[in-house]
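Notes follow once the structure below has been shown.
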Amino acid sequence: MNKKTALITGGATGIGRKTAIQLAENGYQLVINYRTSEAEAVFLAKHLDDRFGTKNITVQGDVANEEDCIRIVNETLSTYATVDVLVHNAGPYVHARKKLTDYSFEEWNYLIQGNLTAVFYLSKLIIPVMRKQNWGRIITLGYDRAETAPGWIYRSAFAAAKTGLASLTRTIALEEAEHGITANMICPGDITNEWKEKNIEDAIGARDDDLPYGRHGTGEDIARVIAFLTNEKSDFITGSILPVTGGEDVLGKALKN
């Protein structure tokens, strides 16, 4: 049986890594894109090869760059006949708390390109491939309540890109439904770096009563939802914005801090 192929941008570390592991467990062969984490990507691909007997490759590239996106797709299709699942996980983020006027022109453009325009680049190149087989899954990542275009204090560029991406995701869903392609956005809660590569079991064992659900969110929480959306029988879920926040008010928390 031919295995399906999933391309995960930013797949070497964090939520991307957990997603790669989850999809590999579900039988997918993977294209693990990375920008600078070469060692982590190569290690992960080999680990999944050995564990699941699949063929997984790594492809370097910065998704904010048009030429890199073209090369990522070309290298992918030189190894695999198609891309069945496209997970737009990668996206630059500035951790420093900055007001809009404190962003440089270069920072602003890079955040918009990496979080919004990159999805256009890769989707434009891969959707025609999905159309040929009349099947595909496109998954983007947003933030809490992105579909309502809320303000996010000190995150103007990132928020502008992701709210635009929410609209783009829904537009892709409308345009490509006739071709059996779904498009959905997942909006993670406040999953900190130390929890992005951890499992739900780890979080259950580290209860935190200050959080609404009593535990931290993990990369596995997001990866499980992504895997669910890639299922054959999840085809009626499209154009959806799915919060995975544990009930936490992420934007309200940011305002208070």
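The numbers here are math on the coordinates, done by the rules we state, and not lab data. If you're wondering where the values come from, they're calculated on a predicted model, not measured in any experiment. Cβ sites come from the backbone with ideal geometry, for glycine too, and all protein chains shown count toward neighbours.
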Filtered residues of the stretch 64-84 (kept if touching a Leu at 6+ places or on another chain (Cβ under 7 Å) and not in a helix (DSSP H, G or I)): Val83
Considering residues of the stretch 1-55 that are among the polar types (S, T, N, Q) and more than 16 Å from the chain's Cα centre (by Cα) only, the residue farthest from Thr76 (Cα to Cα): Asn26
The stretch 116-152: number of residues that are outside any helix (DSSP H, G or I) and either farther than 13 Å from Glu176 by Cβ or among the hydrophobic types (A, V, I, L, M, F, W, C) (or both): 13
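To keep it simple, each residue is scored yes or no on (1) within 19 Å of the chain's Cα centre (by Cα); (2) crowded, with 19+ Cβ neighbours inside 10 Å; (3) touching a residue at least 24 places away in the same chain (Cβ under 8 Å).
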| site | (1), (2), (3) |
| --- | --- |
| Leu111 | yes, yes, yes |
| Leu122 | yes, yes, yes |
| Tyr143 | yes, yes, yes |
| Ala161 | yes, yes, yes |
| Ile172 | yes, yes, yes |
| His179 | no, no, yes |
| Met185 | yes, yes, yes |
| Glu194 | yes, no, no |
| Tyr213 | no, no, yes |
Residue that is surrounded by the fewest Cβ atoms within 10 Å (Cβ to Cβ), among those in the stretch 97-109 that are of a type in the set (D, E, K, R) and not in a helix (DSSP H, G or I): Lys99
Of the criteria (1) hydroxyl-bearing (Ser, Thr, Tyr); (2) crowded, with 16+ Cβ neighbours inside 10 Å; (3) not in a helix (DSSP H, G or I), which one Thr19 fails: (3)
Tally, over the stretch 39-75, of residues that are free of Cβ contacts under 8 Å to residues at least 60 places away in the same chain, more than 17 Å from Lys4 (Cα to Cα), surrounded by 18 or more Cβ atoms within 10 Å (Cβ to Cβ) and of a type in the set (Val, Ile, Thr): 2
Some residue of the stretch 49-58 being out of contact with any strand residue (DSSP E or B) (no Cβ under 8 Å at 6 or more places or on another chain) and under 22 Å from Leu141 (Cα atoms): no
Any helices (runs of 4 or more DSSP H) falling wholly within the stretch 170-257 and containing at least 3 residues that are in contact with an Asp or Glu (Cβ under 8 Å, 6 or more places away or on another chain): 250-256
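Every residue, every condition in (1) within 30 Å of Glu201 (Cβ to Cβ); (2) of a type in the set (S, T, N, Q), yes or no:
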position	(1), (2)
Gln29	yes, yes
Ala41	yes, no
Ala45	yes, no
Arg51	yes, no
Val59	no, no
Ala64	no, no
Val73	no, no
Asp84	yes, no
